[in-house]
């Protein structure tokens, strides 16, 4: 086990892309967690935001104000702070969905793969259908129809479709390991189902799930931004990168480029970091590719 | 192999030729392209009692009356003249020799048909107006006598927007067809209509006022403000309405463009409940809230100067507007004092609801109001959502503090006051828009008095009195009147004057 | 095969019923359409009358049943907003959306698969590495941001491409209007098609590359090399053919994504297509249009899925459907 771990770390530090991805993720996550400490302003403390400060360009531009490094939006909020707080919303949604949909999907996949039969048929047909409609489409439709906004509802809407990825992957892994010798052996010794599922099947079927998690986190963060951009995502009282870009869009002809460029770049960088990490994990954990190296 | 290639080549060429032959060019470039901010619901002229539909329709249809471009005065159109012999009777003498676009002559039967059609809520939003009519007589082809159930002094003021349809063709066509292929008497005929996208019009050479000077017009419906501006800036449109205030400086900078403004009729205000048990039941609290809001800054920073501060919920031309009412000045210290007097120096929590897709800068204004109130210790939770769900909630009395924009197309303040200020009375139809379930018996009494008053000056005075009472008691917090903003590309010499009703009437436009 | 098809069809019908039923359940949360139907001057009594006429006073299951029975006869109801048949409104928008989606897919497929092959043929070339890095960027930029950035650069800064709408279209036959036959129409197509195609392009490129990487190490490709066949022949004739099956399958299965992203693209570019219609209908709570749209999309996606499955079975004789 420890040898495997060493190998893992060794590979990681040899791959600059993986290091870059991890670095981006760590920096952004830390920024989001420490937002109240590091953000120069609290953009949602209404007492401190002044309409008089609205639409200031970044500090280095003419008319810029050193107090607002990346400029301000039309309400006079500091862009840099709003981005940092916006990352918080992205991460809240991202991790919540990942955990909720992931747990649910893994359990369903585990049960379906292990027991098979009707349970398997029904859940997998549902999964196929949900997959066909795509998470993005379902989330847009659900939120568009529901029209109530709130972080919780956004999380729920994304979960509705997102669990499928985990369930399908989990089921496939379970099917693969189910017939392996040690499982049959455990069965023969009379281990009960629960024990078998939890102790033997789950850990061995998990590696692909880690890959899915990294890819998924990136996808959810993009989706949250898209939903907020379309106006069906988080409420306007929550900072969100997607919403910042949406309101900045009204100003693209006015030349207030900083309203879009900074939140846009943050979003892309964050998702890119996650994808770099996911790519590396996929290669690292994919036995087939490894053999071919 | 080679034969196959040859055959498929020939096939491809034939298919392309076929495509080109079947293809008919959409028609010559229109002489005028305008980009407008909202699309008509359909080509059924009664499908919406709102300017988005009525504006385009006025070019295709005519009413018995029309409004003059200069001052909005009501003048004859399809009716040559009218008489109002008693409070219930309206007698119209119709213009002779007018023809619909399909060649059918315009007669009294068409007027009767149209008025009767108004009562059908499936196809009309003028049900109010249709049902107010008791009887319609047509003694001959060119005379119509309408009797109303109750006296309606503003009956004639509505006749410019009740567009007359052709009885014969309308009865024989399905509503689906009527909704896409209109047949009117208007100055323009429709050549192409794609719902929500564009409308192409062609001058009607046989128009009873003479053919209009601009021969072809295309209206593009572009709801997104910045895109509408882009259409103008890139020369794809020569005239736009609803210039986004975010871009107003950009338009002014551009030497090829000219901005035209006209005070809009819509007033934006915040409704605050006075229901007992709520913190805002105390008029001092409502007054404090009003004084805490820095409207001048909202106008300067959010509206970019394209609005004027309001002192009441109706605009100056409205019957019932009172010039005596003065706006409460911005004074946060005084507001804090008032809150202290009311025993709320520690502040309180309240939810402000508003739409985010209805009024100019609606969402931003709500956010700004929340900010100002936070500074006097009132914690405001924002509840901003799409208009379809927002207005439903207001009607369902879900909100105690909400944003509203309003004006009445007939210039009657009474209708506005009865809807918004009167206590809810389902049987009488009062308080339909009183979402905050506010109630003030004094104001109710004064308002109800107006129903009995025949004398016009006395009537106006009483309405103004009700208005004044409501504003003194801060039943609503008036914010501002919006500004109608147009931008025109200078190079083509387009002659255009903004109208009070915001309509684009193409027969009144010309090019140098 | 026949039993398999029947089973899929039955499943499809169940899904359709479920989807449309869920719509009716959620409709009650999406705002009262009657307020906008009756107009700002209507009284409460008039609103109630409209509610009755359109059957909106009935409980959801009654409304649902009525929708179902009517829909089976091809009547999808009248749009509340325009009072025109909902189906007609949707059919009218099909050409715009279909042309945009088709252009985007053709672009994504040719460039994506083409680059994927080139990259896997010379994996160590710096250009290949750049393309792969670019593809990672491609899947990391959300569609809406691509659209906005393209507008900022090509329409606002450079002013060379139109930022919205379909431009001049040419009518083909009765109802199809096309962008392809006028220069103006083609110009208008460039930015939205690029926006919509970008993400799919990156996905297809990566799929092709990873597929090629696996295939190129298999025995029969090694044999092909050993036989001294030209690289082009090995890559295109032997390898690509095997890679294309999963690529096409994935492309087919991602139709839901394509529809979702065209919704985003159409909003940004004010493209008069189905996605735009849906969003405005959502804002207006125009239930008949929404439920018709969703039902048709569901039929469409399910059909594509069945076709993809069947094709897959035909191309890959190892799979048997029982």
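The values are calculated or read from the model by the stated rules, or taken from the named source; none is laboratory data. Given the structure is predicted, the values throughout are model-derived calculations rather than measurements. Because the Cβ atoms are built from the backbone with ideal geometry, glycine has one as well, and the counts that use them run over all protein chains shown.
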Mind checking which residues of region B:123-149 are free of Cβ contacts under 8 Å to residues at least 24 places away in the same chain and within 26 Å of the chain's Cα centre (by Cα)?
B:127, B:128, B:130, B:131, B:132, B:133
Got a number for residues in region B:418-464 being touching a helix residue (DSSP H, G or I) at 6+ places or on another chain (Cβ under 8 Å) and either buried (at least 18 other Cβ atoms within 10 Å of the Cβ) or farther than 20 Å from residue B:408 by Cα (or both)?
21
Which condition number in (1) more than 14 Å from chain C (Cβ to nearest Cβ); (2) within 27 Å of the chain's Cα centre (by Cα); (3) assigned to a loop (DSSP other than H, G, I, E, B) is the one that residue B:345 fails?
(2)
Regarding region A:269-280, can at least one residue be identified that is surrounded by fewer than 19 Cβ atoms within 10 Å (Cβ to Cβ), in a helix (DSSP H, G or I) and either within 10 Å of chain C (Cβ to nearest Cβ) or modelled with pLDDT of 80 or more (or both)?
yes
Which of the residues belonging to region B:492-507 are within 20 Å of the chain's Cα centre (by Cα) and part of a helix (DSSP H, G or I)?
B:506
Select, from C:87, C:100, the only residue that is within 12 Å of chain B (Cβ to nearest Cβ) and under 30 Å from residue B:193 (Cβ atoms).
C:87
Can residue A:183 be described as more than 11 Å from every other protein chain (Cβ to nearest Cβ), out of contact with any strand residue (DSSP E or B) (no Cβ under 8 Å at 6 or more places or on another chain), assigned to a helix (DSSP H, G or I) and more than 30 Å from residue C:284 (Cβ to Cβ)?
yes
Take residue C:211 and decide whether it is out of contact with any strand residue (DSSP E or B) (no Cβ under 6 Å at 6 or more places or on another chain), in a helix (DSSP H, G or I) and under 18 Å from residue C:104 (Cα atoms).
no
With respect to residue A:165, is the statement that it is surrounded by fewer than 22 Cβ atoms within 10 Å (Cβ to Cβ), at pLDDT below 95 and in contact with a helix residue (DSSP H, G or I) (Cβ under 7 Å, 6 or more places away or on another chain) true?
no
May I ask you to verify whether residue C:170 is out of contact with any helix residue (DSSP H, G or I) (no Cβ under 6 Å at 6 or more places or on another chain), within 12 Å of another protein chain (Cβ to nearest Cβ), surrounded by fewer than 23 Cβ atoms within 10 Å (Cβ to Cβ) and modelled with pLDDT of 90 or more?
no
Given (1) in a helix (DSSP H, G or I); (2) crowded, with 23+ Cβ neighbours inside 10 Å; (3) within 13 Å of chain C (Cβ to nearest Cβ); (4) touching a residue at least 12 places away in the same chain (Cβ under 8 Å), where does residue A:160 come up short, assuming only one miss?
(2)
Look at region C:43-61 and say how many of its residues are more than 7 Å from chain B (Cβ to nearest Cβ) and either in contact with a strand residue (DSSP E or B) (Cβ under 6 Å, 6 or more places away or on another chain) or part of a loop (DSSP other than H, G, I, E, B) (or both).
6
In this structure, is residue B:260 more than 30 Å from residue B:339 (Cβ to Cβ), touching a residue at least 60 places away in the same chain (Cβ under 8 Å) and away from every other protein chain (no Cβ under 13 Å)?
yes
Filter region B:171-188 for residues that are touching a helix residue (DSSP H, G or I) at 6+ places or on another chain (Cβ under 7 Å) and at pLDDT 95 or above and give the result.
B:182, B:183, B:184, B:186, B:187, B:188
Among the residues of region B:288-302, are any over 25 Å from the mean Cα position of the chain (by Cα), within 14 Å of another protein chain (Cβ to nearest Cβ), surrounded by 23 or more Cβ atoms within 10 Å (Cβ to Cβ) and over 30 Å from residue C:284 (Cα atoms)?
yes
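Can you find, within region C:155-167, the residue that is modelled with the highest pLDDT among those that are assigned to a helix (DSSP H, G or I) and at the interface with another protein chain (Cβ under 7 Å from one of its Cβ atoms)?
Only one residue fits best here, namely C:155.
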Kindly indicate whether any position in region B:268-275 is within 9 Å of another protein chain (Cβ to nearest Cβ), touching a helix residue (DSSP H, G or I) at 6+ places or on another chain (Cβ under 9 Å) and surrounded by 20 or more Cβ atoms within 10 Å (Cβ to Cβ).
no
Determine which member of the set B:368, B:335, B:353 is under 30 Å from residue C:285 (Cα atoms), more than 14 Å from chain C (Cβ to nearest Cβ) and not in a loop (DSSP other than H, G, I, E, B).
B:368
For residues that are surrounded by 15 or more Cβ atoms within 10 Å (Cβ to Cβ) and within 14 Å of chain B (Cβ to nearest Cβ), tally how many sit in region A:58-77.
6
Exactly one condition in (1) closer than 29 Å to residue C:51 by Cα; (2) surrounded by 23 or more Cβ atoms within 10 Å (Cβ to Cβ); (3) at pLDDT 95 or above is not met by residue B:144; state its number.
(1)
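For region A:147-157, which positions are closer than 16 Å to residue C:26 by Cβ and either surrounded by 17 or more Cβ atoms within 10 Å (Cβ to Cβ) or in contact (Cβ under 8 Å) with a residue 40 or more places away in the chain (or both)?
A:147, A:149, A:150, A:153, A:154, A:156, A:157
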Residues of region A:16-53 being out of contact with any helix residue (DSSP H, G or I) (no Cβ under 6 Å at 6 or more places or on another chain), under 22 Å from residue A:271 (Cα atoms) and assigned to a loop (DSSP other than H, G, I, E, B), which ones?
A:34
State yes or no: is residue A:125 within 14 Å of another protein chain (Cβ to nearest Cβ), in a helix (DSSP H, G or I) and surrounded by 22 or more Cβ atoms within 10 Å (Cβ to Cβ)?
no
What helices (runs of 4 or more DSSP H), lying completely within region B:402-491, carry at least 3 residues that are in contact with a strand residue (DSSP E or B) (Cβ under 8 Å, 6 or more places away or on another chain)?
B:413-420, B:456-472
Could you tell me which numbered condition residue A:174 fails, if it satisfies all but one of (1) assigned to a helix (DSSP H, G or I); (2) touching a residue at least 24 places away in the same chain (Cβ under 8 Å); (3) within 16 Å of the chain's Cα centre (by Cα)?
(3)
If the requirement is being within 14 Å of chain A (Cβ to nearest Cβ), farther than 28 Å from residue A:251 by Cβ, over 23 Å from the mean Cα position of the chain (by Cα) and in a helix (DSSP H, G or I), which of these qualifies: C:152, C:132?
C:132
